[in-house]
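Each remark here refers to the structure printed beneath this line.
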Amino acid sequence: MEDGPSREPADRLEQRWLATYGQIRSFRATKGKLPLEAGVGSEATLGGWLRNQRRRHKRGRMPAWQADLLQRIPGFVWEPAVGAWWVKLELLRAFLEREGRVPRYRSVDAGERELAAWVHKQRHHFRQGRLRPDRAAALRRLPFKIV
């Protein structure tokens, strides 16, 4: 493995970790995406493994060499949901600019309906006091009412 660690694995756990890491890289190379936990079969297994690695990293239980290897995988991020939120915000901004209105649930366009559901969820989180301040501020900068 060209991106592998410069030392031999110390034990069977490290060998298993490296084997699964290799499967993730292979999946990424052949499918052009990272495996999703919501996938089917081995994709779901590999997606769950990635979720576990993110959790280990967040809790400070991951060796630096493992974190370094994961970061070498194209498209890998530690917090995929965070990036996805900002992508949705940009989609909303573009929609508001293009259409001059908030997306509607009853639209014939599936993308608009999905965006409407996301807006509803953000408003709900805001009313419940569960929307992060940076996200609330970003939504307030758009030409629509958050509440």
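The values are calculated or read from the model by the stated rules, or taken from the named source; none is laboratory data. Note that the structure is predicted; figures quoted are calculated from it, not measured. Cβ placement follows ideal geometry from the backbone for every residue including glycine, while neighbour counts extend to all protein chains displayed. Surface accessibility is based on the protein's heavy atoms, side chains included, excluding ligands, DNA and RNA. Shrake-Rupley method; radii C 1.70, N 1.55, O 1.52, S 1.80 Å.
For region 122-144, check the following and say yes or no: at least one residue is open to solvent by 60 Å² or more (accessible area, probe 1.4 Å) and within 30 Å of THR30 (Cα to Cα). No.
Scanning region 92-104 for residues that are surrounded by 11 or more Cβ atoms within 10 Å (Cβ to Cβ) and either touching a residue at least 40 places away in the same chain (Cβ under 8 Å) or under 19 Å from VAL147 (Cα atoms) (or both) yields LEU92, ARG93, PHE95, LEU96, VAL102, PRO103, ARG104. When the test is whether a residue is open to solvent by less than 80 Å² (accessible area, probe 1.4 Å) and over 20 Å from ALA10 (Cβ atoms), GLY22 does not pass it. Please determine, by comparing only the residues of region 63-83 that are loosely packed, with under 11 Cβ neighbours inside 10 Å and of a type in the set (A, V, I, L, M), which one is nearest to GLY22 (Cα to Cα). Here the answer is ALA64. The number of residues in region 105-121 that are closer than 14 Å to PHE144 by Cα and open to solvent by 40 Å² or more (accessible area, probe 1.4 Å) comes to 1.
Determine whether LEU13 is aliphatic (A, V, I, L, M) and open to solvent by 40 Å² or more (accessible area, probe 1.4 Å). Answer is yes for this residue. Looking across region 29-50, just one residue is within 18 Å of TRP17 (Cα to Cα) and surrounded by fewer than 13 Cβ atoms within 10 Å (Cβ to Cβ), and that is SER42.
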